[in-house]
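Data block below; observations after.
The values are calculated or read from the model by the stated rules, or taken from the named source; none is laboratory data. What you see is a predicted model; the values in this text were computed from it and never measured. Cβ atoms come from the backbone with ideal geometry, glycine included; neighbour counts cover every protein chain shown. Please note that ligands, DNA and RNA were not included when accessible areas were found on the heavy atoms of the full protein model with its side chains. Shrake-Rupley method; radii C 1.70, N 1.55, O 1.52, S 1.80 Å.
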Amino acid sequence: MIKPHLNRYWLTPAYEADFGVKVSDINGLYQQAPELAKQGQRIESTDEMTGVQALERKHPDLPMLPGKVERREFEYIRHGTLAFMFNFDVVTGQLAACTAQPTRNEQDFLQHIRDRIIAEPKTTRWHFISDNLNIHLSESLVRYVAEESDINLDLGVKGKSGILKSKASRAEFLSDPTHRIVFHYTPKHASWMNQVEIWLSILVRKVIKRGNFTSTKELKRKVLAFIEYYNQTMAKPFKWTYQGKALAA
C-alpha cells in the first residue's frame, strides 16, 4: 500500500484531529461499501490526470536481443495534451467512467459528475471519494448537489455568506451524509487514501509511460481500450488494509 510522506511541520494537533475524522469516514466507507452496494448505493473514487502528453518517438525502439535490453530513442514529437477524469468503483474494482478533453476546470468536473449520475438513474445514493482540489468544492457543484438532493434553501453568496461562503462551508455541505450525492474528502497530504490513485499508477505503467502516440485522439483511444481490457480481465476490488493508525511514531 502507498505510504504517506511524513512532515513534522504539518503534524499539528488540529491537523491530526481533522485527519482522524476523515480517515475514519473513508475507512468506514471502504468497509461498508459491499453492503451499501446491495442497497443500491455506489461508492466511487474520483480523480484526474492533467497534461497527459501524446508523445511520438522519432525513431522506433530497438527490441531486446540476447544479452541486450530493449533500447528507446530519446527524441520525440509532441502532439498535444489531454486531461483525464476517472471514476473507480470501489466494490467491483472496475474503472466506471472516463472523461478525456483538453481542459480540467470547474465546469468540466461538474459535467463529469453529472454524466456519471445520469448514466445510472437507479442508484439511490452516490458516494464520491476525492481530494480537496478547488473544483471538487465549487459553487456549481454545491448547486447541483442541492438540486439533485431536493434541497430548497438559500445557499448564500460565494465568498460572502451562507453555504457558499468558503471552501470549508462548501465542503461541509457536500459531505453531508443525508444528501443523495455525498463527497468524502481525503485529509490534506493524504490523497493516497483515494483508491483511484492505485489504479492510475497501473494506467501509467501499462499504457502511458512507454506509449507511442501520434495524436491526442490516439492517446484517448488507447486509454479507453486499456480500460475496456482491464475491466474484462483484470478488475477486482483492492484489498484495503490501512486502519487509520497514527502517522507519527
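Being modelled with pLDDT of 95 or more, surrounded by fewer than 13 Cβ atoms within 10 Å (Cβ to Cβ) and either in a helix (DSSP H, G or I) or not aromatic (F, W, Y) (or both), is that true of even one residue in the stretch 189-196? Checking the stretch 189-196: not a single residue is modelled with pLDDT of 95 or more, surrounded by fewer than 13 Cβ atoms within 10 Å (Cβ to Cβ) and either in a helix (DSSP H, G or I) or not aromatic (F, W, Y) (or both). The single condition among (1) assigned to a helix (DSSP H, G or I); (2) touching a helix residue (DSSP H, G or I) at 6+ places or on another chain (Cβ under 6 Å) that V204 does not meet is (2).
Among the candidates E48, E56, which residue alone is surrounded by 12 or more Cβ atoms within 10 Å (Cβ to Cβ) and either in a loop (DSSP other than H, G, I, E, B) or under 17 Å from the mean Cα position of the chain (by Cα) (or both)? Going through E48, E56 in turn, the sole match is E48. The residue that is nearest to I118 (Cα to Cα), counting only those in the stretch 185-203 that are touching a residue at least 60 places away in the same chain (Cβ under 8 Å) and β-branched (V, I, T), is V196. Given the structure, is D115 within 25 Å of Q232 (Cα to Cα) and under 21 Å from the mean Cα position of the chain (by Cα)? Taking the combined requirement at face value, the residue satisfies it. Given the criteria basic (K, R) and exposed (fewer than 15 other Cβ atoms within 10 Å of the Cβ), does R205 qualify? Here the answer is yes, as R205 does meet what is asked. If only residues of the stretch 149-184 that are within 19 Å of R114 (Cα to Cα) and of a type in the set (K, R) are counted, the one that is least open to solvent (accessible area, probe 1.4 Å) is R170. Scanning the stretch 208-237 for residues that are of a type in the set (V, I, T) and either in a loop (DSSP other than H, G, I, E, B) or open to solvent by 70 Å² or more (accessible area, probe 1.4 Å) (or both) yields T214, T233. Residues that are open to solvent by 60 Å² or more (accessible area, probe 1.4 Å) and of a type in the set (A, V, I, L, M, F, W, C) within the stretch 69-108 comprise V69, F74, I77, listed in sequence order. For N87, the criteria (1) at pLDDT below 95; (2) at negative phi hold in every case but one, which is (1). Within the stretch 110-153, the set of residues being among the hydrophobic types (A, V, I, L, M, F, W, C), out of contact with any strand residue (DSSP E or B) (no Cβ under 7 Å at 6 or more places or on another chain) and not in a helix (DSSP H, G or I) comprises L133, I151, L153. Summed over the stretch 59-105, the residues that are not β-branched (V, I, T) and not in a strand (DSSP E or B) give a count of 17. Look at the stretch 31-43: where a residue is in contact (Cβ under 8 Å) with a residue 24 or more places away in the chain and a partner is of a type in the set (S, T, Y) and open to solvent by less than 30 Å² (accessible area, probe 1.4 Å), sitting 6+ places away or on another chain with Cβ atoms under 6 Å, you get R42/T123. The residues of the stretch 54-72 that are more than 19 Å from L219 (Cα to Cα) and among the acidic types (D, E) amount to a single one, E70. The set of residues in the stretch 63-89 that are under 30 Å from Q111 (Cα atoms) and small (G, A, S) comprises G80, A83. For the stretch 54-89, a tally of residues being in contact with a Phe, Trp or Tyr (Cβ under 9 Å, 6 or more places away or on another chain) and free of Cβ contacts under 8 Å to residues at least 60 places away in the same chain returns 2. If the condition is being more than 23 Å from T99 (Cβ to Cβ), basic (K, R) and touching a residue at least 40 places away in the same chain (Cβ under 8 Å), then the stretch 209-243 contributes R210, K236.
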